[in-house]
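Undergrad: First the structure, then my questions, so here it is.
Read-outs: derived from the displayed coordinates by stated rules, not from any lab. Predicted model, so just to flag it, every value in this text is computed and none were measured. Cβ placement follows ideal geometry from the backbone for every residue including glycine, while neighbour counts extend to all protein chains displayed.
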């Protein structure tokens, strides 16, 4: 019965979604889509004419083989253009979707109806994806020309499209996620484009590290060579397109869950988001192990380094949302204790510490299972748990000052960023040391990294844990004094 | 049946709604009266499940607002103080969209839309674009949207604001018709005369606190400790004043003009009839002799201080 209900709900969400039908009617009536497609076709036509002209010139000067080379490059140019179009158009469209509804004040009408936010978001996603499909279809004749002149095979075209479509889903999901939090369309568009750029910055070293990188399908500018790329996982040859499809679908689902959670702030959505976070952390941990293991033999070290720093960039935006509370907000945001395993995933204040600590454990579980003989892994886990406790206590402290949960979160962002972004000081430090001694110091030599267990040793670990716990203790002591005063004032009033 | 039990909403230190409690039965039209910022919209938003109450509870037909929001949403039709209409769709497409998201089966959708259009007198505008409708028609379309799923409770936030007198009259007729169909209706407004015409229950809210709740008559009775009589005589009002002022149960006699006077009377209907007979016997020749009842506006002005949140 439950399965049948689930299937009914899924078919209602994905087939004949009222939101997507409504949006599609509007899209067909407006001129925006027509101008978009005409513009895109004009660019394609311009590239074709230019390339044909260059090829004809090379036939005359260098012969047929050189001209064929020129036309083969045309296929790669089309795919790059398609990737660029998707990078710009899809997040922009996603970003305006929810903000427009909010500005039109129609969100209240939709959310007072018996539909889950996921239904609304999937509807928006489907309606925006129609543009992506149209762009892909419009590129088909050009791609066919590439196949005819020998620049690519149909398999290349198919795999590129198979990678680009999930990328379109992913970039639209970024737009929808940002749009669910942004107040204006401009802010949403800028935020979405920045996020897509950061993603490209992250995957570029991964996808360009070598010609047949397994992550080549993650970068819309390198999908042209995704057809031949694959990787061997425990004896099974996994094609690059499959990796990209799985990654994009998983990331999109996660972003949509984030958007659902921020639109409703309700318990079921928060539970789903937190459980998905665990899965995402497992995937991130395994990716880290995978890229880490390839560091010595290839140019993956940059990618590994970027991936390693990723949580530090994200923490200031995530931890305040998880931890910060207020005495005068809705029930879910009011303090209900320090530590409750039962509230770990439901968004209650008492569940924030166990949730954060469990995230750290999950993150370390992959490397510890795969490399059980590396003793420093356990020291790293201990330091990471203590650091997370410090960040939690910092945000607990931040909640003492906020007028409400939103104010507390703003304070929390500042405190978390101050702690998490301290490693950035490595950059000026390395310049300073390099100018003095002529050699760039390793990250392990940076003083702050000792605090984080850099060049992990039992001695450093003990120092780190003591220092981090000491600072956390100060946060908790001062915070509780302020909060006790505030509660007393409230009681007196 | 709708039951609110100490429903409260705070934003930080700001208390928007201070523990409201009341109950509505099917067919009730409840006028929710208060100044701007009194807490009407916040209460309605809590009832429409868009806002989570800080404390307290509410149930609609036995379903808890917080615990079973999906069941509650199936049973409410919410019309906000803004219409939130999509301009670039046709009238029937707009209703089709909401009928779909409210889960009306596709086989019944056309009939349901036609009924809603007919009830709101928009049948002729079925194929018009929403942006081409007048404000009154857009407001009726929004109401039609609330009806497509046959809800038991209608939440109408300032439905009459910006409407011309004819559109207001049409709205009143429509609400009475819906009440006869057994729907509970909550209408928030700060335009009082229109509410007293069709609401069988009213509540006055100020600074988030429900000051009064009940039928218009009950509320007026509760406020008015004595009757106020207005009398008109063919002869001089001064002559009548000297006679009336010395009668038992009469106080605060004032002349209004050359022939009219008003006074407070603490007696019942029988005493009032005897007083009229005494005036006739004294040769005063009364033209009119009636009790002046307070209207909703008088009640509102007497119980509220004008303070806002």
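Undergrad: Calculate for the protein assembly as shown the 222 nm mean residue ellipticity that helices alone would give, adding -39,500 (n - 2.57) per DSSP H run of length 4 or more and normalising by residue count, nearest 500 deg cm²/dmol. Don't skip to the end; give the middle numbers.
TA: Numbers: 28 runs with 483 residues, N = 802.
The helix-only estimate for the protein assembly as shown comes to -20000 deg cm²/dmol at 222 nm.
Undergrad: For a quick protection proxy, order the peptides B:229-240, A:397-408 by their average other-Cβ count within 10 Å, most packed first. Write out the running numbers ahead of the final one.
TA: Numbers: B:229-240: 17.1, A:397-408: 20.6.
Going by the mean number of other Cβ atoms within 10 Å, highest first, we get A:397-408, B:229-240.
Undergrad: Next up: Give, in nm to one decimal, the length gained when the segment between residue A:56 and residue A:466 is fully stretched (0.36 nm per residue of separation minus the Cα-Cα distance). Please list the in-between numbers first.
TA: Working: separation 410, 0.36 × 410 = 147.60 nm, distance 7.27 nm.
Separation in residues times 0.36 nm, less the Cα-Cα distance, equals 140.3 nm.
Undergrad: Would you please classify the overall shape of the stretch A:1-52 from the alpha carbon gyration tensor, given that a ≥ b ≥ c denote the square roots of the eigenvalues, rounded means a/c under 1.5, and beyond that prolate means a/b larger than b/c while oblate covers the rest?
TA: Details: a/c = 9.58, a/b = 2.51, b/c = 3.82.
Oblate.
Undergrad: Relative to the compact globular guide of 2.2 N^0.38 Å, what is the alpha carbon radius of gyration of the stretch A:18-264, as a ratio? Before the final figure, lay out each step's value.
TA: Values: Rg = 19.7 Å, N = 247, 2.2 N^0.38 = 17.9 Å.
It is 1.11.
Undergrad: Average partner chain C-beta neighbours within 10 Å, per residue of B:92-99?
TA: Values: counts 0, 4, 1, 0, 4, 9, 5, 1.
The mean count of partner-chain Cβ atoms within 10 Å per residue comes to 3.
Undergrad: Also, quick follow-up: Can you pull the one-decimal nm distance between simple spin-label points at residue A:38 and residue B:273, each 7 Å off the Cα toward Cβ?
TA: With each label placed 7 Å out from Cα toward Cβ, I get 8.5 nm.
Undergrad: Going by how many other beta carbons lie within 10 Å of each one, how would you line up A:274, B:109, fewest first? Walk me through the intermediate numbers first.
TA: Values: A:274 20, B:109 17.
Ordered from fewest to most neighbouring Cβ atoms within 10 Å, A:274, B:109 come out as B:109, A:274.
Undergrad: Related question: Rounded, prolate or oblate: which one fits the stretch A:1-146, using the alpha carbon gyration tensor with axes a ≥ b ≥ c (rounded when a/c is under 1.5, else prolate when a/b beats b/c, else oblate)? Show your work: numbers first, answer last.
TA: On the way: a/c = 4.10, a/b = 2.51, b/c = 1.64.
Since a/c reaches 1.5 and a/b is larger than b/c, the shape of the stretch A:1-146 is classed as prolate.
Undergrad: If each residue of separation counts as 0.36 nm, what is the full-extension length gain between residue B:107 and residue B:25 once their alpha-carbon separation is subtracted? Don't skip to the end; give the middle numbers.
TA: Numbers: separation 82, 0.36 × 82 = 29.52 nm, distance 3.17 nm.
Contour length minus the Cα-Cα distance gives 26.3 nm.
Undergrad: So how long is each side of the stretch B:225-292 along the principal axes, counting just the alpha-carbon atoms, biggest first, in Å?
TA: Answer, in whole Å and largest first: 29, 23, 19 Å.
Undergrad: What's the FRET efficiency of residue B:246 with residue B:164 using the Cβ-Cβ distance as r and R₀ = 60 Å, to the nearest 0.05?
TA: On the way: r = 51 Å, r/R0 = 0.86.
Using R0 = 60 Å, I get an efficiency of 0.70.
Undergrad: Turning to a different aspect of this structure: Go from 0 up to the bin containing the longest alpha carbon distance in the protein assembly as shown, width 10 Å each, and give me the % of pairs per bin.
TA: Result returned by the calculation: 2, 10, 16, 19, 17, 13, 9, 6, 3, 2, 2, 1, 0.
Undergrad: Still on this structure, please answer the following. Calculate the tail of P(r) for the stretch B:55-153: the fraction of all Cα-Cα distances greater than 22 Å, expressed in %.
TA: The calculated P(r) of the stretch B:55-153 puts 31 percent of pairs beyond 22 Å.
Undergrad: Sort B:120, A:277, A:172 so the one with the fewest other Cβ atoms within 10 Å of its own Cβ comes first.
TA: Details: B:120 23, A:277 20, A:172 32.
Exposure proxy ranking, most exposed first: A:277, B:120, A:172.
Undergrad: Let me ask something additional. Cα-based Rg (one decimal) and Dmax (whole number) for the stretch B:1-105, in Å?
TA: For the stretch B:1-105, the Cα-based Rg and Dmax read 15.4, 45 Å.
Undergrad: Taking the Cβ-Cβ separation of residue A:198 and residue B:55 as r and a Förster radius of 30 Å, what is the calculated FRET efficiency to the nearest 0.05? The partial results should precede the final answer.
TA: Numbers: r = 42 Å, r/R0 = 1.39.
E between residue A:198 and residue B:55, to the nearest 0.05, is 0.10.
Undergrad: Next question. Listed highest first by mean packing, meaning other Cβ atoms within 10 Å per residue, what order do B:161-167, A:80-86 come in? Can you show the working numbers first?
TA: Details: B:161-167: 13.0, A:80-86: 20.1.
Ranking the peptides B:161-167, A:80-86 by packing returns A:80-86, B:161-167.
Undergrad: Where q = 0.10, 0.11, 0.13, 0.18 Å⁻¹, what log10 of I(q)/I(0) comes from the Debye formula for the stretch B:190-309, counting one point per Cα?
TA: Result of the Debye calculation: -0.41, -0.48, -0.63, -0.91.
Undergrad: Using 0.36 nm per residue of separation minus the Cα-Cα distance, give me the extension gain between residue B:301 and residue B:173 in nm, one decimal. Before the final figure, lay out the partial values.
TA: Numbers: separation 128, 0.36 × 128 = 46.08 nm, distance 2.70 nm.
So the chain would gain 43.4 nm between residue B:301 and residue B:173.
Undergrad: Related question: Just to be sure I understand the model, the point goes 7 Å from the Cα along the line to the Cβ. What's the resulting residue A:481 to residue B:228 distance in nm?
TA: 6.2
Undergrad: Identify the residues of the stretch A:136-163 with backbone N under 20 Å of a label point that sits 7 angstrom from the Cα of residue A:64 along the Cα-to-Cβ direction, or state none.
TA: The answer is A:145-152, whose backbone nitrogens lie closer than 20 Å to the label point.
Undergrad: Would you mind ranking A:237, B:194 so that the residue whose beta carbon has the fewest other beta carbons within 10 Å leads the list? If you can, show how the numbers build up before the last one.
TA: On the way: A:237 8, B:194 20.
So the residues, fewest neighbours to most, are A:237, B:194.
Undergrad: Within the stretch B:9-51, list the residues whose amide N lies under 17 Å from a label point set 7 Å along Cα→Cβ of residue B:70.
TA: Label zone hits: B:49-50.
Undergrad: Express the Stokes-Einstein translational diffusion coefficient of chain B in µm² s⁻¹, to the nearest whole number, given a Kirkwood radius over alpha-carbon pairs, 20 °C and a viscosity of 1.002 mPa s.
TA: Working: Rh = 22.0 Å.
After rounding, the answer is 97 µm²/s.
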